[in-house]
1. Check the stretch 68-75 and report whether any residue there is of a type in the set (D, E, K, R) and either buried (at least 19 other Cβ atoms within 10 Å of the Cβ) or in contact with an Asp or Glu (Cβ under 8 Å, 6 or more places away or on another chain) (or both).
2. Test of understanding: among Val98, Val66, which residue is under 24 Å from Ser111 (Cβ atoms) and among the aliphatic types (A, V, I, L, M)?
3. Quick check on the stretch 206-216. Is at least one of its residues outside the structural domain of Gly71 (by TED's automatic domain parsing) and within 18 Å of Gln69 (Cα to Cα)?
4. If Ala78 passes every condition in (1) within 16 Å of Val142 (Cβ to Cβ); (2) without any contact (Cβ under 8 Å) to a residue 12 or more places away in the chain but one, which one does it miss?
5. Do you know which residues across the stretch 37-57 are part of a strand (DSSP E or B) and among the acidic types (Asp, Glu)?
6. Go over the candidates Thr96, Thr103 one by one and state the one that is surrounded by 13 or more Cβ atoms within 10 Å (Cβ to Cβ), assigned by TED's automatic domain parsing to the domain that holds Glu64, polar (S, T, N, Q) and more than 22 Å from Val151 (Cα to Cα).
7. Going through the stretch 205-262 one residue at a time, which ones are without any contact (Cβ under 8 Å) to a residue 60 or more places away in the chain and touching a Phe, Trp or Tyr at 6+ places or on another chain (Cβ under 6 Å)?
8. Any residue that is surrounded by fewer than 19 Cβ atoms within 10 Å (Cβ to Cβ), at pLDDT below 90 and more than 30 Å from Ser255 (Cβ to Cβ) - is there at least one of those in the stretch 160-167?
Amino acid sequence: MRNLKIILARVAIFIATLIFSNHAWANSLGVDPLYVEILPGKSTAVRVTNFSDIDTPVELFIDERVVDQTGKQFRKDAEDAFIIFPPQAIIKANKTQVFRIQTLRKDLNESQSYFLSVRQIPVDLGQEEGSVRLQVVFAFDVAVHLIPRGVKAKPIIDQVKLTSLEIAPESELGETSTTVPAVELTLRNDGNKFLYLQDQNYIASGINADGSPMEPIEWSADEILSAVKVVLVNPGTSRTFKLPLPKGPNPKEISIKIRPRK
């Protein structure tokens, strides 16, 4: 048991990934901003603040974000696309370190998306006989978009069909998931700029099972973020995802129009 506790203590890592806010912090570290847009060949800055009373080492690295049609997200090393200065630093207690991110790719005809990871470097806590020393390591992902001038997203609905969606319970205290009616959409981005699914307004209409016209349905940005885990759609790619239908309508036919959310 003692050996197991020591192993668990050595490997315990807490990852805090916050994308859709301007800044984030987790106990001892804070990162600002968590979303940046850069012109090709230009640079930006990310500030990391150490709120603790001890010096903290951190490192930065960058990966390209690749999302397939099902919404599965992959990371590809992109160190050849950026210069990060400094790539590592020891941030003094209660101080802020500024990191510069310089893009190397200048001639682009479409946007490219990345994660800049800011990670606390684990330090050797040593071992004490009969005790367990737990180290929590924090990491943040900054959403970085490399955007040439003049690019635009062009979302197009390719396919719509009625289906069902499994909703996970809000807690794990004996609750089970539920299955609700849903609509499945395949969206194609024919533009040369990325888009986020929640930035589009989806308006559903159709015919109910009894032949009556269905009242129009719209989903809020929060409802889309709750239903879809990864919302990025890269240029020239397609994405299939599901949105739950509200209680009441019983459509046998459905269609969806899309427009940018104001």
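The values are calculated or read from the model by the stated rules, or taken from the named source; none is laboratory data. Remember, predicted model here, so these are calculated numbers, not experimental data. Positions of Cβ are backbone-derived with ideal geometry, glycine not excepted, and every protein chain shown enters the neighbour counts.
1. Yes, the conditions are met somewhere in the stretch 68-75.
2. Values: Val98 fails: under 24 Å from Ser111 (Cβ atoms).
Exactly one of Val98, Val66 is under 24 Å from Ser111 (Cβ atoms) and among the aliphatic types (A, V, I, L, M), namely Val66.
3. Residues of the stretch 206-216 outside the structural domain of Gly71 (by TED's automatic domain parsing): 206-216.
If we keep only those that are within 18 Å of Gln69 (Cα to Cα) too, we end up with none.
Checked the stretch 206-216: no residue is outside the structural domain of Gly71 (by TED's automatic domain parsing) and within 18 Å of Gln69 (Cα to Cα).
4. (2)
5. Let us first name the residues in the stretch 37-57 that are part of a strand (DSSP E or B), namely 37-38, 43-50, 56-57.
Listed by number, the list holds a single entry, Glu37.
6. Numbers: Thr103 fails: more than 22 Å from Val151 (Cα to Cα).
Result: Thr96 is the single residue among Thr96, Thr103 that is surrounded by 13 or more Cβ atoms within 10 Å (Cβ to Cβ), assigned by TED's automatic domain parsing to the domain that holds Glu64, polar (S, T, N, Q) and more than 22 Å from Val151 (Cα to Cα).
7. Passing the criteria: Trp219, Val231.
8. no
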